[in-house]
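Notes for the one structure printed next.
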Amino acid sequence: MSYFAHPTAVIDENCIIGDGTKIWHFSHIMSGCVIGEQCNIGQNVVISPQVVLGRNVKIQNNVSVYTGVICEDDVFLGPSMVFTNVVNPRSHVNRKNEYASTLVRKGASIGANATVVCGNEIGEYALVGAGAVITKAVKPFALVVGNPARQTGWVSRNGHKLTFNDEGVAVCPEAGEKYKLKEGLVKLISE
């Protein structure tokens, strides 16, 4: 075994768990999920069947990652944030064949107590503020807050708010990377 699992964690059969991953207290990893290398799964986390997590995904305490969710590399899921996988759940109607997918792109962060309504994509390096409710797609590098979530700015790969000059160029104050805002999208132009 090349990963760590706390003795209270439950790991079902037929899971793939990458080297260096840590699974903490009272978490449940369900059959058929794929967890990449160097992930950190906090306490009281549920990873449902067929969920795919990339490399270096950090999941904080009390998060349920339901079937239909895919998180690419370097994703951060804040404490008690919520995914859904059915648009119109009803206790008396079985909708297991109607799960909608949710894709969280590389480097995106979702803040504490945020809710992601299924069927949406969170763009790479986007930053979803604490308590936000995602009801539509989020652009790469977008900063979104509120209920329903609305975009209030742009962030760098390091998570700093970007301020664009008259030419549509911004610089990350921490990494010195340059970004270009053009036609409503931000792209990294230098590292």
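Residues that are farther than 26 Å from Val117 by Cβ, part of a loop (DSSP other than H, G, I, E, B) and out of contact with any helix residue (DSSP H, G or I) (no Cβ under 9 Å at 6 or more places or on another chain): does region 133-156 have at least one? So far as region 133-156 goes, yes, one or more of its residues are farther than 26 Å from Val117 by Cβ, part of a loop (DSSP other than H, G, I, E, B) and out of contact with any helix residue (DSSP H, G or I) (no Cβ under 9 Å at 6 or more places or on another chain).
Going through (1) under 21 Å from Gly119 (Cβ atoms); (2) in contact with a Pro (Cβ under 7 Å, 6 or more places away or on another chain); (3) small (Gly, Ala, Ser) one by one, Ser31 falls short only on (1).
Take region 157-182 and flag every residue that is closer than 23 Å to Val128 by Cβ and either in a loop (DSSP other than H, G, I, E, B) or at pLDDT below 95 (or both). Of everything in region 157-182, those that are closer than 23 Å to Val128 by Cβ and either in a loop (DSSP other than H, G, I, E, B) or at pLDDT below 95 (or both) turn out to be Arg157, Asn158, Gly159, His160, Leu162, Thr163, Phe164, Cys172, Pro173, Glu174, Ala175, Glu177.
Checked against the criterion of being buried (at least 18 other Cβ atoms within 10 Å of the Cβ), in a loop (DSSP other than H, G, I, E, B) and of a type in the set (S, T, N, Q), the candidates Asn61, Asn56, Asn88 yield just one match: Asn56.
Taking the residues in region 68-85 that are within 16 Å of Gly123 (Cα to Cα) and either among the charged types (D, E, K, R) or more than 12 Å from the chain's Cα centre (by Cα) (or both) as candidates, determine which candidate is surrounded by the fewest Cβ atoms within 10 Å (Cβ to Cβ). So, considering only residues that are within 16 Å of Gly123 (Cα to Cα) and either among the charged types (D, E, K, R) or more than 12 Å from the chain's Cα centre (by Cα) (or both), the one surrounded by the fewest Cβ atoms within 10 Å (Cβ to Cβ) is Asp73.
The residue that is surrounded by the fewest Cβ atoms within 10 Å (Cβ to Cβ), counting only those in region 91-105 that are out of contact with any strand residue (DSSP E or B) (no Cβ under 9 Å at 6 or more places or on another chain) and basic (Lys, Arg), is Lys96.
For region 75-85, which residues satisfy the criterion of being outside any strand (DSSP E or B) and within 19 Å of Cys39 (Cβ to Cβ)? Steps first, answer last, please.
So the first thing to find is which residues in region 75-85 are outside any strand (DSSP E or B), and the list is 75, 78-81, 84-85.
Result: Val75, Gly78, Pro79, Ser80, Met81.
Quick one: would you say Glu124 is in contact with a Lys or Arg (Cβ under 6 Å, 6 or more places away or on another chain) and either modelled with pLDDT under 95 or crowded, with 18+ Cβ neighbours inside 10 Å (or both)? Here the answer is yes, as Glu124 does meet what is asked. The condition (being closer than 19 Å to Gly107 by Cα, in contact with a Phe, Trp or Tyr (Cβ under 8 Å, 6 or more places away or on another chain) and touching a residue at least 12 places away in the same chain (Cβ under 8 Å)) is satisfied by just one residue among Ala137, Ala126: Ala126.
Can you tell me how many residues within region 91-104 are part of a loop (DSSP other than H, G, I, E, B) and either under 15 Å from Gly119 (Cα atoms) or touching a Leu at 6+ places or on another chain (Cβ under 7 Å) (or both)? Write out each step before concluding.
Narrowing region 91-104 to residues part of a loop (DSSP other than H, G, I, E, B): 91-92, 94-95, 99-101.
Those left that are additionally either under 15 Å from Gly119 (Cα atoms) or touching a Leu at 6+ places or on another chain (Cβ under 7 Å) (or both): 95, 99-101.
Residues in region 91-104 being part of a loop (DSSP other than H, G, I, E, B) and either under 15 Å from Gly119 (Cα atoms) or touching a Leu at 6+ places or on another chain (Cβ under 7 Å) (or both): 4 in total.
Only a single item in (1) surrounded by fewer than 15 Cβ atoms within 10 Å (Cβ to Cβ); (2) under 19 Å from the mean Cα position of the chain (by Cα); (3) not basic (Lys, Arg) is not met by Ala149, and it is number (1).
Screening Lys22 against (1) under 11 Å from the mean Cα position of the chain (by Cα); (2) of a type in the set (Lys, Arg); (3) surrounded by fewer than 20 Cβ atoms within 10 Å (Cβ to Cβ) leaves a single unmet condition, (1).
Given Asn113, Asn61, Asn44, Asn85, which one is of a type outside the set (A, V, I, L, M), out of contact with any Pro (no Cβ under 9 Å at 6 or more places or on another chain) and more than 20 Å from Ala137 (Cβ to Cβ)?
Numbers: Asn113 fails: out of contact with any Pro (no Cβ under 9 Å at 6 or more places or on another chain); Asn61 fails: out of contact with any Pro (no Cβ under 9 Å at 6 or more places or on another chain); Asn85 fails: more than 20 Å from Ala137 (Cβ to Cβ).
Going through Asn113, Asn61, Asn44, Asn85 in turn, just one is of a type outside the set (A, V, I, L, M), out of contact with any Pro (no Cβ under 9 Å at 6 or more places or on another chain) and more than 20 Å from Ala137 (Cβ to Cβ): Asn44.
The values are calculated or read from the model by the stated rules, or taken from the named source; none is laboratory data. Keep in mind that what you see is a predicted model, and the values were worked out from it rather than measured. When we count neighbours, we look across all protein chains shown, and the Cβ atoms used for this are built from the backbone with ideal geometry, even at glycine.
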